Amino acid sequence: MTSSLALSSTTFIYALASTFYIASFAFKKQALAKIGFYTLIIGFVDNTAGIILRWIESYQMGYGHAPFANMYESLVFFSWTVAVLYIFVEFKYKESIIGVFVSPLVFLAIAYASFDPSISTKISPLIPALKSNWLIAHVITCFLGYAGFAVAFGFSIMYFIKPKDPASPSIFAKLPSWELIDELTYQMVVFGFLFLTIGIITGSVWANSAWGKYWSWDPKETWSLITWMIYAIFMHLRMMRGWHGNNLAWVSIIGFIAVLFTYFGVNYLLSGLHSYG
Amino acid sequence: MKKKQTIPELIWQFFCSVKLTVYTLILLAATSVIGTVILQNGAPQQYLKLYGQGGYNLIRILSIDDMYQAWWFLSLLIILCINIVVCSIDRLSVTWKIIFPKKVSFNADRFRKLKNKITFSGNKEISALVKDCEAVLGKSAGKIIKEETDSGVVLYAEKGRWTRIGVYVVHVSIIFLLIGALIGALFGFKASLNLDEGATSDRAFLSKERVPIKLGFSIRCNDFDVKFYDTGAPDEFKSSLTIIENGQESFTKDILVNHPLRYKGINIFQSSYGQSRSSSPESIVIEVMERSTGKVETHNMKLGEKVQLADGQSSFMLQEYEPHFDFKGNNLGQAFVGTIKDNDGKEIMVGLPLRFPTFDKMRKGKFAVAVKEVEQKYFTGLQITRDPGVWYVYIGFILMIIGCWITFFMAHQSFFIEIEKDRDKAARISLSGTTNRNAQGLKLKLNTIVKKIEGK
């Protein structure tokens, strides 16, 4: 099996998992969500295999680097982190309905990586600046951070569609209790915040050992700091000002927009040290 | 009547509001965007071209061309800093007594009224139940305070009181980062130096001001090497540097990207490379073809070198390098000039422009000479920095991770168990708890405690 086969089948399996989740939600069939969960786990295993195979293949080609070196590889890894985080959450909280809001993100990221023609799927050699052990620590922590915020974003959406009236006949009335949504969103933001913090720090220490400057206001750095500040605002509003519900969900959504811009916008619209992915 | 506040009190109050924190963070986040969209540290012409005279004037007034060092951006950072310090002191003065109490005490009535109270019955003697509860509570929390009441026994235990300090650790870490940055800005520098192979320099050029700065020692570039992948992209570049101090060679080290040299607080990084313009090429591969036979011979030559050609009588000498070779009034660009001596002893001047490798064929001489390859000397692009503040920043980093971990994943939890006589033999046990964060986690913990007590 090759990594490209593994990763294209992953895309398909993730698509299937999202479909099961959405169908479970739409037809109010709990069993479909269970199938969705197992499908997601299979996709995740496949995704893991794809990443490992790609890693091995890069060694066979003589380049020998972790598969975190370009946009394609980062998107594949992004899907992986969101999937692992969501599987953990569903395992812990036993609320499969929330998968409706997360599994499409897992699918979309890897689908975008595979189908956008401007994203090269080739394994390319590592430029000298990226040859460092910090690469793995930096990428993994940053993407765990992104994943936390992505899942928090999925949960925040629930605030806007869950009917305020508990007796409402809408299918959205089945969503988890307000307390649980609040708790889950907060936990995910906290997770994301901790890992984004570590991600920025590892990047900073790396920059200091590669360029002699731990901070140079490069657009990627600046945008990650902007994201960090938005979520710092989120924490202070929740813990010190008692914000909850819709208002706080807006902050989480704005934060995720900043994450997306840090991830994609900076690469496509601005120039800087991170232009490689 | 409300007492009129003094000005220092008002200032203190201004700085100890969380609203100020939120607004300052919003402003910092929003203004940071500007510097990612508008070119930083560019030349005036670039701004004039992009934004016109009016736009450029505005950029100059607000220092947007260097906005992260602009007075207003630094002011925002200072406000945030004061805000953090004042807020922390203000809150810590209250919570200090909670974090480090003289004696841990509890209010039984408060726990009796808690929503998360779980009540269940035990079919044992009260004394035996108390023992069970003590064992479980002691294991999952810590030291137990036991009190007798009119109707039975109450137990209290807590853990993680110290974790309330976590958020202050995060705040202190930010102060460390800003102090480190300040020290770096005041006493550090960032400079660059392009050094030809074989050349030595005792100074570098500040990146922003573009003025030379003395390093206190000299750097010599012994050698520079660059390797490429098959794709043509650079794989690795490496410089061999020797540090020379007081005229004596101190030591030699190879530096690569990501593997700098650090000496006396000064860091030397491999950042770029290029072909040396000032010095002459290292070696030139020359191809000489005998026109009558078509036989080709190649020679690896240096400037000023003379080689005997294969016929045994003729010779070729490579004389000089000409950056702008002139041929009948046309500038043919970079070229080498040599002389070829035929077997008849006549010396002919030949021009070998790099852009036109077949140029010498047109001379229609006995031999046609061409430049096959030029091994130009490289220069190594070094980035040279000094930043005595970096250790404060690193301490800040470590404190921030520890502080975040404590704040997010640890909590101050208190547990309260009341054991009362219910009927003849049975007893009623009530368990409740408080926490300063993560109520959900506490709920789960209370449930496991109940299960453990019931399992005894």
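Straight Cα distances below 19 angstrom link B:Lys264 to the lysines A:Lys213, B:Lys190, B:Lys214, B:Lys253, with same-chain residues fewer than 8 positions distant left out. From the largest down, chain B spans 134, 61, 45 angstrom on the principal axes of its Cα atoms. Averaged over the residues of peptide B:34-47, the number of Cβ atoms from other protein chains lying within 10 Å of each residue's Cβ is 2. Against the empirical curve 2.2 N^0.38 Å, the C-alpha radius of gyration of the stretch B:90-135 lands at a ratio of 1.75.
Computed on the Cα atoms alone, the convex hull of the stretch B:379-447 gives a volume of 126 cubic angstrom per residue.
For the protein assembly as shown, the spread of Cα coordinates along the three principal axes comes to 134, 67, 54 Å, biggest extent given first. Both chains summed, the buried accessible area for B and A stands near 4100 Å², from protein heavy atoms and a 1.4 Å probe.
Bridgeable aspartates and glutamates around A:Lys28 (alpha carbons under 16 Å apart, same-chain partners fewer than 8 residues away excluded): A:Glu95. Averaged over the residues of B:391-404, the number of partner chain Cβ atoms lying within 10 Å of the residue Cβ comes to 3. Would you kindly give the portion of the calculated P(r) for the stretch A:1-104 that falls above 21 Å, as a percent of all Cα pairs? Tail of the P(r) past 21 Å holds 36 percent of the pairs. Distant-in-sequence amide contacts of B:Ser283, defined by a placed amide H-H separation under 5 Å and a gap of 5 or more residues or a different chain, comprise B:Glu375. Remark: spin-label model distance A:Asp165-A:Lys29 equals 3.0 nm, labels positioned 7 Å along the Cα→Cβ axis.
Summarising the label geometry, the points placed 7 Å from Cα in the beta-carbon direction at B:Lys113 and B:Lys451 lie 3.2 nm from one another. Let's test the formula: R0 of 30 Å, r as the Cβ-Cβ distance of B:Trp72 and B:Lys4. What FRET efficiency results, to the nearest 0.05? About 0.35, to the nearest 0.05. Backbone geometry of the stretch B:80-97 corresponds, through the Karplus equation with coefficients 6.51, -1.76 and 1.60 at θ = phi - 60°, to 3J(HN,Hα) couplings of 4, 4, 4, 4, 5, 5, 5, 4, 5, 4, 4, 7, 5, 4, 8, 6, 3, 5 Hz, x marking Gly and Pro. Dividing the radius of gyration of the alpha carbons in the stretch A:47-126 by their Kirkwood radius gives 1.06 for Rg/Rh. At the listed q of 0.15 Å⁻¹, the Debye profile of the stretch A:155-238, built from one uniform point per Cα, gives log10 I(q)/I(0) equal to -0.68.
Relative to the Cα centre, the charge distribution of the stretch B:339-456, modelled as +1 at Lys and Arg Cβ and -1 at Asp and Glu Cβ, gives a dipole magnitude of about 320 debye. With the convex hull of its Cα atoms as the shape, the stretch B:232-277 has an orientation-averaged projected area of 4.5 nm².
Find, among the chymotrypsin sites (Phe, Trp or Tyr not before Pro) in the stretch B:204-250, those assigned to loop by DSSP (not H, G, I, E, B) with at most 16 other beta-carbon atoms within 10 angstrom. Can you show the working numbers first?
Details: sites: B:Phe205, B:Phe217, B:Phe224, B:Phe228, B:Tyr229, B:Phe237; in loops: B:Tyr229.
In loop regions of the stretch B:204-250 (DSSP not H, G, I, E or B), the sparsely surrounded chymotrypsin sites (Phe, Trp or Tyr not before Pro) are B:Tyr229.
The residues of chain B have, on average, 56 Å² of accessible surface per residue, using a 1.4 Å probe with all protein chains present. For the segment A:217-224, counting C-beta atoms of other chains within 10 Å of every residue's C-beta and taking the mean gives 4. Scaled to the globular estimate 2.2 N^0.38 Å, the Cα spread of the stretch B:50-96, given as radius of gyration, is 1.86. Projecting each Cα onto the charge dipole of chain A (Lys/Arg +1, Asp/Glu -1 at the beta carbon, about the Cα centre), which of A:Phe261, A:Gln187, A:Trp206 comes out farthest on the positive side? It is A:Gln187, whose Cα lies furthest towards the positive end. Using only the Cα atoms of the stretch A:135-277, each taken as one equal point scatterer with no solvent, compute I(q) by the Debye sum, divide by I(0), and report log10 of the ratio at q = 0.12, 0.17 Å⁻¹. The Debye formula, applied to the Cα set alone, gives -0.53, -0.90. Span-like helix criteria (full DSSP H runs; alpha carbon extent of at least 24 Å along the helix axis; mean Kyte-Doolittle hydropathy of at least -0.5) are satisfied in chain A by A:3-27, A:30-60, A:71-93, A:134-161, A:178-210, A:219-240. Using the charge dipole of the stretch B:117-231 (Lys, Arg: +1 at Cβ; Asp, Glu: -1 at Cβ; taken about the Cα centre), state which of B:Ala141, B:Tyr168, B:Phe217 has its Cα farthest towards the positive end. The listed residue farthest towards the positive side: B:Tyr168. In a reduced charge model with +1 at each Lys and Arg Cβ and -1 at each Asp and Glu Cβ, chain B shows a dipole moment near 3160 debye about its Cα centre. If you wrap chain A in the convex hull of its Cα atoms and look at it from every side, the mean projected area works out to 14.8 nm².
Could you tell me how many degrees, from 0 to 90 and to the nearest 10, lie between the Cα long axis of helix B:439-455 and the main elongation axis, the longest principal axis, of the Cα atoms of chain B? It works out to around 60 degrees. Accessible surface of the stretch A:1-118, 1.4 Å probe: 75 percent of it comes from carbon and sulfur atoms. Ranking B:Leu114, B:Ala43, B:Val22 by how far each Cα lies toward the positive end of the dipole of the stretch B:7-121 (charges on Cβ) leaves B:Leu114 at the top. Its residue count N sets the reference 2.2 N^0.38 Å, and the alpha-carbon radius of gyration of the stretch B:1-155 equals 1.97 times that reference. Past 29 Å, Cα to Cα: identify those pairs from B:Lys227/B:Lys295; B:Lys295/B:Lys346; B:Lys238/B:Lys306; A:Lys122/B:Lys49, in the order given. Beyond 29 Å: B:Lys227/B:Lys295; B:Lys238/B:Lys306; A:Lys122/B:Lys49. Mean projection of the Cα convex hull over all viewing directions, computed for the stretch B:192-297: 10.3 nm². Assuming charge only on the beta carbon of Lys and Arg (+1) and of Asp and Glu (-1), the dipole of the protein assembly as shown about its Cα centre is about 3220 debye to the nearest 20. For the stretch B:94-236, the square roots a ≥ b ≥ c of the C-alpha gyration tensor eigenvalues yield an a/c of 1.5 or more together with a/b exceeding b/c, which makes the shape prolate. Each principal axis of the Cα cloud of the stretch A:1-62 was evaluated for its coordinate range; sorted largest first, these ranges are 51, 13, 13 Å. The fraction of accessible area contributed by carbon and sulfur in chain B is 57 percent, rounded to a whole number (1.4 Å probe; ligands and nucleic acids excluded). Per-peptide packing, taken as the mean over residues of other Cβ atoms within 10 Å, places B:318-327, B:238-247 in the sequence B:238-247, B:318-327 from highest down. For chain A, the solvent-accessible area with a 1.4 angstrom probe is 39 square angstrom per residue.
The values are calculated or read from the model by the stated rules, or taken from the named source; none is laboratory data. Note that the structure is a prediction, hence the values are computed from the model and not measured. Note that we place each Cβ from the backbone using ideal geometry, even for glycine, and neighbour counts take in every protein chain shown. SASA here: full protein model, heavy atoms, side chains in, ligands and nucleic acids out. Shrake-Rupley method; radii C 1.70, N 1.55, O 1.52, S 1.80 Å.
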